[in-house]
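Everything on this sheet refers to the single structure shown next.
The values are calculated or read from the model by the stated rules, or taken from the named source; none is laboratory data. This is a predicted model, so every value here is computed, not measured. FYI the Cβ positions are ideal-geometry reconstructions off the backbone, even for glycines, and counts take in every protein chain you see. Keep in mind that these areas ignore ligands, DNA and RNA; they rest on the heavy atoms of the full protein, side chains included. Shrake-Rupley method; radii C 1.70, N 1.55, O 1.52, S 1.80 Å.
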Amino acid sequence: MNVRKSRAFPRVTSVVLAAVLVWPLVACADDGEVQDELQVVENPTAATAPPSPETTTAPEGVVIGADDEAPIGDVTALATDSDTGVLAVAVQDPDQVLLYDLDTLEEPAQEPTTVVELPGPAEQLTVSQNTLVAAVPSASVLARISLPEGELHTTSIRGRPTGTAPFEDRLLVSLRESEAVAVVEDGRVVSTIQGGLNSADDVVMADGYPVVLDRLRSAVFAVDVEGRNIGEGLRAGQGATNMVTDSFGRVFTIDTRRGAVLAFSTDPLLLRQRYPVSGGAYALAYDERRHLLWVTLTERNEVVGFDVRGGEPTEKHRYPTIRQPNSITVEERTSRIVIGSAAGEGIQVIAP
């Protein structure tokens with residue numbers, strides 16, 4: 001199904017347009033030091049996933065890798081590639097990427113078809129042209145894994161890479177320690193874009209426009225790749241943790257500290273919606289086929305699916321999950337969602 005992209009947004013009813021809660025951020029002073037008049041503490045800390053209680057309700061769907069005989073460790077990131085039929089699961093202790101066959105994913109006893117060793121835990125997984133890219137900030141490495149074979153190639157990227165996004169024939173890489181976005185071409189950094197960031201924790205492409213997430217400042221910034229400039233920035237609540245894009249050119253972020261989903265448009269960067277979501281909202285995934293935004297709630301061990309086509313998100317699904325659901329991805333062919341436990345309780349497959 002072809003989706004027509006539009007920059008028009010329907011009239012908002014009960015969703016709060018939080019213009020009074022979002023301020024433009026001053027990028028830099030003349031001496032290069034970041035100046036933010038709205039920063040209320042001298043040394044801000046990034047928001048993290050709220051801890052989960054023990055589960056009291058059986059998780060929906062099928063759970064894989066939760067038994068003592070074949071544990072898969074704490075899940076740190078997930079990704080699917082429908083073209084090659086692969087689910088990629090990044091785990092730590094030991095630091096690995098486990099590749100599963102999507103066609104047999106709902107069999108509880110399923111084991112990975114391939115195990116790829118990493119030099120550290122992967123913080124994010126993305127797929128582009130049948131290649132899985134794993135950002136490994138602790139080792140300052142980008143790991144490229146061919147799918148479905150699992151052949152590994154690593155590239156050293158200084159500055160602790162955290163997230164990646166394809167940009168034309170290049171790759172954008174957010175660098176947490178360097179407070180920058182790197183442009184990678186043919187496996188090497190060709191330019192580094194800096195200015196105004198306290199941390200660069202993820203980068204996405206929204207309808208051709210790059211956007212970087214700064215968790216320390218709880219803000220999103222436009223990125224001008226050709227001009228090598230970090231552009232306008234907007235506050236994203238009090239504790240932004242994750243972000244994802246949709247089919248309409250929007251960027252969704254989670255304000256984990258205040259419990260809300262925020263929707264930004266690009267060109268220019270503007271806040272369009274703020275919708276409250278209580279219960280420890282943390283991980284995000286978007287189903288392009290059904291236009292559902294999935295949000296995990298770590299304080300409740302739940303996942304909620306919102307239809308985001310209208311003037312406000314509309315709840316369509318709510319399921320109990322495994323404990324500490326810090327990761328989520330969507331398998332686009334079937335709209336199944338896969339959730340990863342950061343507490344060693346496996347991965348969960350739900351067919352809405």
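For this structure, a couple of remarks:
- When nucleic acids and ligands are ignored and a 1.4 Å probe is applied, I72 ends up with an accessible area of around 20 Å².
- Segment E232-R309, extension gain: residue separation times 0.36 nm, minus the distance between their alpha carbons: 25.1 nm
- Taking packing as the residue-averaged number of other Cβ atoms within 10 angstrom, the listed peptides 86-95, 122-131, 209-218 run from highest to lowest as 209-218, 86-95, 122-131.
- Calculated SAXS-style log₁₀ I(q)/I(0) at q = 0.16, 0.23, 0.24 Å⁻¹ - the stretch 252-305, Debye, Cα scatterers: -0.47, -0.87, -0.93
- Order by protection proxy (mean Cβ within 10 Å, highest first), peptides 46-52, 200-206: 200-206, 46-52
- Sum of side-chain charges, D93 neighbourhood, beta-carbon under 13 Å (Lys, Arg +1; Asp, Glu -1): -3
- Available extension along the chain between R318 and R289 is 8.6 nm, counting 0.36 nm per residue and deducting the alpha carbon span.
- Viscosity 1.567 mPa s, 4 °C: Kirkwood-radius Stokes-Einstein D of the stretch 266-352 over Cα pairs, µm²/s: 97 µm²/s
- Our coupling estimate for the stretch 58-63, obtained by passing each phi through the Karplus curve with A = 6.51, B = -1.76, C = 1.60 and θ = phi - 60°, is 4, x, 5, x, 10, 10 Hz, Gly and Pro reported as x.
- Between V190 and T104, the C-beta separation translates, for a Förster distance of 30 Å, into a calculated FRET efficiency of about 0.15.
- A Förster radius of 45 Å combined with the Cβ-Cβ distance from L270 to T56 puts the calculated FRET efficiency at roughly 0.65.
- Rounded FRET efficiency, nearest 0.05, which uses the C-beta distance separating E177 from E42 and R0 of 30 Å: 0.95
- The structure shown yields semi-axes √(5λ) of the Cα gyration tensor in Å, and of the options [x] 30, 24, 19; [y] 47, 22, 19; [z] 36, 22, 18 that calculated value carries the label [x].
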